[in-house]
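Notes follow the structure.
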Amino acid sequence: MPLRVALVLLLFVVSSFSAAVPTPKEHLGFAPGDDLKLADYADVAGYFQKLAKASDRIKLVEFGKSSEGRAMYAAFISAPENLAKLEHYKEINRKLALGLVPPAEAARLAKEGKAFVWIDSGLHATEVAPAQQAPELAYKMITAESDEVRRIRQNVILIQIPVINPDGLDMVAHWYRKNVGTPHELAALPWLYQKYAGHDNNRDWFMLNLPETRQVTRLLFAEWFPQIVYNQHQQPAFPARIFVPPYADPLNPNIPAAVMEGINQIGSTMAERFAREDKPGVLSYFGFDGWWNGGLRAVPAFHNMHGIMTETAASGYGTPRTYEAKDFPERFSNGMPTKEPGIFYQRPWMGGRWSVRDAIEYMLTADFAILDLAATRAQHFLSKAYDLAHAARETTQKPYAYVVPMQQWDRSSAVEMVRRMALAGVEVQRAKSAFEANGKSYPEGTLVMLGAQPFRPYLIDLMEVQKYPEIRVGTSGPTKRPYDIAGWTLSMNMGVSVERIEDAFTAKLEPAGTLGTPTASLDHRENASFLATAELLGRDAKVRWAADGNILVEGTTPAEEFAKGAWELRKPRVALYEPWTANIDTGWMQWLLDTYKVPHTLLHNEEFKAPLNGRFDTIVLASQSVTSILNGARPLSGRSAAEKTPSNAQQRAEFSGGIGGAGLSKLLEFVEQGGTLIAIDSAADLPAQKFPLPVTGLLKLSSAAMDGPPDAAATEAGYYCPGSLLRITVDNTNPIAFGMPANAFVFASGGQAWDINLLPELNKGEREIRSVAKYAKESLLASGWLSGEKIVLGKHILLDARYGKGRVVLFGFRPHFRGQTFGTFKLLLNALYLGSAVKL
């Protein structure tokens, strides 16, 4: 066949193929990024379903359901011959990522295999551009015939998650469509855009409380093991247009150096491509650091994978905005100028129009920078994955192992902890017979996590104490404060005993297999006892608590002992205040109540107009500022046009305001007439200040910090706790602390400490205040970073205050924080049950 004829035939085939694949615009009726338009989940998922029918370059797989039951999809995009052998390449990846083969075979497999690149979209649903660009990326990967895209398809298997938070996309898209063209066009969504978590859905990647997180974790660390995990976000520091790695200091020492250098290389490749494509405003080495473990870009780095995050500029849903350089701040918060070139901001963006379409173009540049690098260095990335895993398997570094003893204060939480480690790819083993280690005997059935395993960095990081480094400006300048949480040691957070074994020991071990969920218990030390209690009350059994906290059940407990019960439990009648400000802490409180099957009602502003007594025994205020509880979301004044966001736009009338003065009066009346109010963290300032109670909060925010989030702000006294584990002492004779050890850990982010303003002889009757827990008097910091701790040493962190016929329980911390703090769940659950209990 003449060459000319062959070329004509090839062009005809390519043209016919492209015509058979619908464009995003043909499917949606508008181009992704068009002004005032947002595709919803049915739109995006429907497009990928059409692509899967039209092309052999994509394979679409449903891998789970969202919290609200929507199907979640992964699209595998590559050359047809690669997809035909997808299971083969998957197995190569598994063997290399887990270090399961000898080095010679690994070298052969790395040469044969394909690089796997993960790109997800739409995790934070109000950051709308990533999900809108998902159809564009897939279309270009499937239809483009440039040398670059052909090379990518040949050497890379793209795992594209079109929408990683389907529920949130629908909420945001439908809310925006409802408001477009009205004064509420940029109004904030008044509820959380993912069940329980909202924006915290990117803070659940080691705890795995959410269905979406667990399913994605399975794909990443148990099935596909991509070498690059790219998680897309919005918004960078203004006026930058996109943030790309390198991340800022500090570096977590448990992240392998080769991984972080690879992340830096990928970031530099992205920045170079932006420069080549004449796209300014690229910012690096700012804000987002390499310390914290728990986000979707962070956890893969502890699994020998290159976790990449970008933050592309947003405009405000689908509404474009125009900026002028005269409105820009002169400097970023790190002191670098915004209008002059710098090493990590080489070409400043000087303003103009910005829309979702502009954001999509920047994201596509980042996508193809990563994909092209993976295509040109596929063997390198595969070999590196093996080298890191193999070295971790062969290591002789200490510790040799972590042992989880069978004797635990709370066995149910110990099982929960180990189960989560196993879900994230940690190899957990069980002793087939008794063994000795570190001079101590352990029985058959003891759980062991050996240090020599492929994801050793992840294991070490979660089991060890975090010591945030002291980074200063110059030799004597101020200390750099953590960008995010500073300490998260999992055993402390969950109240679990884990023993570090330094040296090698001999034991017969086997894979632990499916650990399952803890069985119900009537031991008050175990969180599972609240599940047993809920089940008993649900079938109208009589349950009592003894004066020492023992749980007594009629018909099971000896009659004489049951008769001595001090409290008889009733089915809780709990109301949880849900503001129209999408309060994440309220969401996690719902998670706790649902997880432990505590019946509850969500209480909104208008429902405070009616009497509350008789309807509820207990009302819970999750962490929220006093101003926000009383007044709700209000437009923020003093901001330039360039800084206005959906969060300070005009809200719809039905979702505006707070409980107001009238609601505060009803709340006061509720407590005076016998109800229980539980107020968490910053919300505790409301009863303390407005009832008022005879207490003084010691951690008032400084005026300089009032514009920032309360849990990240310094106080007037210089106290600063960005998120760390602290030691407390507990009065476990108080029924609120039944089942707690006398010395415990709390997770604190911000928080409160109190002095009691009553003389001992006056501290009784309807004004009595009892201290349930105090900050430790010494060695307060257990894991993380803390400054100004002297002001809280030995002060009250949990108070039980009588008020009229009722009581107020003041928590100076969040005992349910992100569903991670199993070690302090009991304090909250006890208070909830006591609110409905009858004192005998």
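Values for this structure:
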| item | result |
| --- | --- |
| Antiparallel bridge percentage (DSSP; both residues within the chain; nearest 5) | 65 percent |
| Cα gyration tensor shape of segment 324-453, rounded if a/c is under 1.5, else prolate or oblate by comparing a/b with b/c | prolate |
| Folded to 0 to 90 degrees: helix 166-179 orientation relative to the chain principal axis, Cα | 90 degrees |
| Reachable lysines, given that their alpha-carbon falls under 22 Å from the alpha-carbon of Lys795 and they are not under 8 places away in the same chain | Lys690, Lys700, Lys764, Lys774, Lys777, Lys826 |
| Derived scalar couplings ³J(HN,Hα) [segment 592-597; Karplus, 6.51 cos²θ - 1.76 cosθ + 1.60; whole Hz; x for Gly, Pro] | 5, 4, 5, 4, 9, 6 |
| Of Ala359, Ala688, Phe63, farthest towards positive along the dipole that unit charges on Lys, Arg, Asp, Glu beta carbons give the chain | Phe63 |
| Accessible surface of segment 122-203 [probe 1.4 Å, protein heavy atoms]: carbon and sulfur percent | 52 percent |
| Structure-derived Kirkwood radius over Cα pairs in Å - corresponding label in (i) 28.7; (ii) 35.0; (iii) 30.4 | (i) |
| Ordering of 396-402, 552-558 by burial proxy (mean other Cβ atoms within 10 Å per residue, highest first) | 396-402, 552-558 |
| Burial order of peptide ranges 264-277, 200-213 (average beta-carbon count within 10 Å, highest first) | 200-213, 264-277 |
| Charge dipole (debye, nearest 20) of the chain; +1 at Cβ of Lys and Arg, -1 at Cβ of Asp and Glu | 280 debye |
| Relative contact order of the chain, defined on C-alpha pairs under 8 angstrom at six or more residues apart (%) | 12 percent |
| Extension gain (nm, one decimal) between Asp540 and Thr479, 0.36 nm per residue minus Cα-Cα | 16.2 nm |
| Relative contact order for segment 56-112, counting Cα pairs under 8 Å that sit 6 or more residues apart, in percent | 25 percent |
| Rounded if a/c under 1.5, otherwise prolate or oblate - segment 498-617, Cα gyration tensor axes | oblate |
| Two-site label geometry, Asp755 and Lys790: point separation in nm, points 7 Å out along Cα→Cβ | 1.6 nm |
| Entries of Lys59/Lys85; Lys65/Lys195; Lys90/Lys384; Lys59/Lys95; Lys571/Lys597; Lys59/Lys195 with Cα pairs more than 19 Å apart | Lys59/Lys95; Lys59/Lys195 |
| Under-5 Å amide H pairs with Tyr230, H placed in peptide plane, nonlocal only | Trp118, Ile119, Asp120, Ile308 |
| Rounded tilt (10° steps) of 103-112 against the dominant C-alpha axis of the chain | 60 degrees |
| Principal semi-axes in Å for segment 500-561 [√(5λ), Cα gyration tensor, largest first] | 36, 16, 10 |
| Phi to ³J(HN,Hα) by Karplus 6.51 cos²θ - 1.76 cosθ + 1.60 over segment 544-555, Hz, x for Gly, Pro | 10, 10, 6, 4, 9, x, 4, 8, 10, 10, 4, x |
| Rounded percent of accessible protein surface that carbon and sulfur make up, segment 21-69, 1.4 Å probe | 47 percent |
| Full-stretch length increase - His174, Asp278 - with 0.36 nm per residue and alpha-carbon distance subtracted | 34.0 nm |
| For Lys542, distant residues with modelled amide H under 5 Å away | Glu554 |
| Residues of type aspartates and glutamates that Lys50 reaches as a straight line, Cα spacing below 14 Å, ignoring anything fewer than 8 places off in the same chain | Glu26, Glu136 |
| Contour minus Cα-Cα distance for Leu364 and Arg214 (0.36 nm per residue) | 51.2 nm |
| Probe 1.4 Å, accessible area per residue of the chain, Å² | 38 Å² |
| Under the Debye formula (equal points on every Cα, no solvent term), log10 I(q)/I(0) of segment 254-362 at q = 0.12 Å⁻¹ | -0.51 |
| Mean ellipticity per residue at 222 nm, deg cm²/dmol - from DSSP H runs of n ≥ 4 across the chain, formula -39500 (n - 2.57) | -9500 deg cm²/dmol |
| Hypothetical label at Glu766: residues of segment 796-824 whose amide nitrogen lies under 16 Å (7 Å Cα-Cβ projection) | 801-808 |
| Protection-proxy order for peptides 424-430, 440-446, each taking the mean of Cβ atoms within 10 Å per residue, highest first | 424-430, 440-446 |
| Degrees between helix 129-143 axis and first principal axis of the chain (Cα, 0 to 90, nearest 10) | 30 degrees |
| Inter-probe distance in nm under a simple model that places probes 7 Å from Cα toward Cβ, at Glu606 and Lys571 | 2.7 nm |
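The values are calculated or read from the model by the stated rules, or taken from the named source; none is laboratory data. Remember, it's a predicted structure, so these values are computed and weren't measured experimentally. Glycine also receives a Cβ, built like all others from the backbone with ideal geometry; neighbour counts cover every protein chain displayed. Ligands, DNA and RNA are excluded from the accessible area calculation, which covers all protein heavy atoms including side chains. Shrake-Rupley method; radii C 1.70, N 1.55, O 1.52, S 1.80 Å.
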